[in-house]
1. Report the semi-axes of the equivalent ellipsoid for the protein assembly as shown in whole Å, largest first, where each axis is √(5λ) for an eigenvalue λ of the Cα gyration tensor.
2. For segment A:46-131, what is the largest minus smallest coordinate of the Cα atoms on each principal axis, given in angstrom and ordered from greatest to least?
3. Quick check on the exposure proxy: order B:Ser59, A:Ser212, A:Ser74 from fewest to most C-beta atoms within 10 angstrom.
4. Testing the spin-label approximation: label points 7 Å from Cα along Cα→Cβ at A:Lys44 and A:Asn151. State their distance in nm.
5. If you take every DSSP beta bridge whose two residues both sit in segment B:4-242, what share of them, in percent to the nearest 5, is antiparallel?
6. Given a cut-off of 16 Å, what percent of all Cα-Cα pairs of segment A:383-428 lie beyond it?
7. Among the listed pairs A:Lys231/A:Lys253; B:Lys30/B:Lys214; A:Lys131/A:Lys271, which have their C-alpha atoms separated by more than 29 angstrom in this model?
8. From the C-alpha coordinates alone, can you work out the Kirkwood hydrodynamic radius of segment A:208-298, in Å?
Amino acid sequence: MRKKRVWASLVLALFLFIFAFALPQNTTNTSAAAKTAAEYDKDKTFRVGMEAGYAPFNWTQSSSSNGAVKIQGSSEYANGYDVQMAKKIAKALGKKLVIVKTDWNGLPPALTSGKIDAIIAGMSPTPARRKQIDFTNTYYKSKLCIVVRRNGKYANATSIQDFKGAKLTAQQNTFHYQAIKQIKGVKKQPAMNNFAAMRTSLQSGVIDGYVSEVPEGITAQNAQSDLKMIKFKNGKGFKTSPDDVDIAIGIRKGDPDKAKMNAALAKVSNKQRDKLMNWAVEKQPKTSSTKNWFQQIWDQYGNMILKGTGLTLWISLFGTVVGFLIGLLIGIVRTTPMPDSRGRRGVLHLIDWLLAVYIEIIRGTPMIVQAAVFYYGLAQAFGINMNRTVAALIIVSFNTGAYMAEIIRSGIISVNSGQFEAASALGMTHFQLMRKVVLPQAIRNSIPTITNEFIVNIKDTSVLSVISVSELFFQGETVAGQTFQFFHTYLIISVIYLVLTFSISRILAWVERRLDGPTNYDVMANPSTLATVDDSTAENMNTPTHDVHNTKEDQHD
Amino acid sequence: MTEQLIEVAHLKKNFGKHEVLKDINLTVDKGEVLTIIGASGSGKSTLLRNINLLERPTSGDIRFHGKSILQPHFDIPKYRAEVGMVFQQFNLFSNLNVLDNCVVGQTTVLKRDKAEAEEIAKKQLAKVGMGPYIQAKPAQLSGGQQQRVAIARAVCMDPEALLFDEPTSALDPEMVDEVLDTMKQLAKTGLTMIVVTHEMAFAHDVSDQVVFMKDGVLAEKGTPDQIFNHPQEAATQHFLKRYTQR
């Protein structure tokens, strides 16, 4: 099935590498995981991870109709081929089925860290994956097809060799794309990132077709009437390896329930499987054509998108505020003058060094990697099972803190040295002069950069989808995966992002203006006396108190 | 009954290998106005900054009320509150308005309550003719106005001595007088003042003692009459000639 996104393996490799130091061997890994799994065995639950956004295998819906199963920690339901299959397995195991909605890249680490018991998500048992996790026998066998324009030149093709001279593409990092070279004389186009892009290219005539799998093909032709899926009879289609087209259940190595699961799968015949897939294709969320596209998406998923928006705003706001406080603290510490005492100087040097390490590590690694290492790593190494949103808040805060530290530090450095001198000449301690004089100026000068950081946070929370935080982008991915209206869904999502970021830049610009105070030059307590007092000031320099009386009298008048 | 307030003994200050101050000896009595004159780069400002400990002396001693301010556990913030400083570039706190510039030191360092501090600040600002401007931000004021606020800010701390580091050098000529007048008023109150300046008329009229610095040493010291009317050293004569001929 999908081998997309080298990301998954990269992220996985990185934290395995890191935790290899803490935990010498995989044996420790599995024992830690097995322990958490054992705990859950007591609960008699079977926790299954899936994206719930890859129809017809799995999708999210808002009601429990058609035998959908509630998603853990959410008011939504999951359904699809995978969900129905999971129900059969859970029944055979005598356990209660729990669906854990997990991002595609997060599935293997969630399994190895014991956050889920199985992956039933349309996943193929590739050799690379087999190194990390174990697989049951196949529960669905897929087939490659080509999606073309219904009224196009290739609409009546019956063999892959009919596509000689056709411009074909497929998804990046998939075996679909590798398979194209089996066609002689084909014009292989650069691989594309997702199906939305391929469908749009196909409809616009940039390509003549794309290689896909049958369930996706059926969905494509159902969703867009101008597209047609072409299936091939045996011997006329692509040659594929079972590693690619087989779909199996991912389980932890040494899972004692493997035999029971295989037995349960054996009871479902090929015919029943095809029937179930047809059922899933038919029941998957559809778009009715009476309303416009926006209403369609909004009516069905508006709530989901709004919740995602709320979470994105909350995480980025919290992260920016806490990150700002962290940055403030670090900025102050790192600009503290060296004390005279040798011991204190040593301590300050050490703290300074540690903070520099923190800043360099956080700035030097992508937040998506930090999120994966922190969330899955903690679970894998120490069995700490953290709430996803809490993990997200911590990650964004610490990430922002590292950047804010440098922002505040440069803000402090940019304050004129005369301000420091004047404050210390009044007898202020370092802390006092920082609080009363330097930091207000440093922060004021940093506001444009802080605004920037806030805006970056709003957008960058999207990487938290790697730990399945249901923020705006994650929700968008889900909606797009279900409606197959990638362009339209992401258009809505991008407008929401734009509204958020634009509002924030406006609000902070207003704060900036407020801090600067009025720009006019009515600097006197009573502007109407400006002229008179100015004169008297000039004339009565030797008796300066005079003009004050003047003002007072004027005010009494 | 003169009492020695500030005493500088064998003070040396190096910046790297460069010797800026070489064996400076100086005493300032309570209530006295001492003026330091000399060419740019002669070490006048460095001397003043050492007295306030904005620079750390390389060797020698500075005593305040007979006690060394260089001893290990000396309370520097308290000392600085007692010996105020007025800078060439005014250095008003640009985030605070005129009133708060004069209040912030009193409330944070002297722990006065806000109402009392504001009252004192208003009184001192009125004395320097800045009473009507208490709501203004420093950037809205002229240089002369800023410097008068800076003087009021220093006076609000009830210092025993005030150090002036070329307070009129950054001002346009027409604003110099308003600042010098303010300083004359202060001198009359009996405040101890050490003034680094190029304003020879002021030095002549207001000082009790004038010192002429050249290349990091005190080349000559004496009363204004001695220094300005009967300078003994050739260097002093040469320096003063350039000023009086202008």
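Rule-based calculations on the coordinates, nothing more; no lab input. Remember, predicted model here, so these are calculated numbers, not experimental data. Backbone-built Cβ (ideal geometry, glycine too); neighbour counts: all protein chains shown.
1. 79, 29, 23
2. So the three principal-axis extents are 38, 27, 21 Å.
3. B:Ser59, A:Ser74, A:Ser212
4. My value for the distance between the label points is 6.0 nm.
5. Looking only at bridges with both residues in segment B:4-242, the antiparallel portion is about 55 percent.
6. Value for segment A:383-428 (Cα pairs over 16 Å): 61 percent.
7. Flagged as over cut-off: A:Lys231/A:Lys253; A:Lys131/A:Lys271.
8. Details: mean 1/r = 0.0598 Å⁻¹.
Over segment A:208-298, the inverse of the mean reciprocal pair distance is 16.7 Å.
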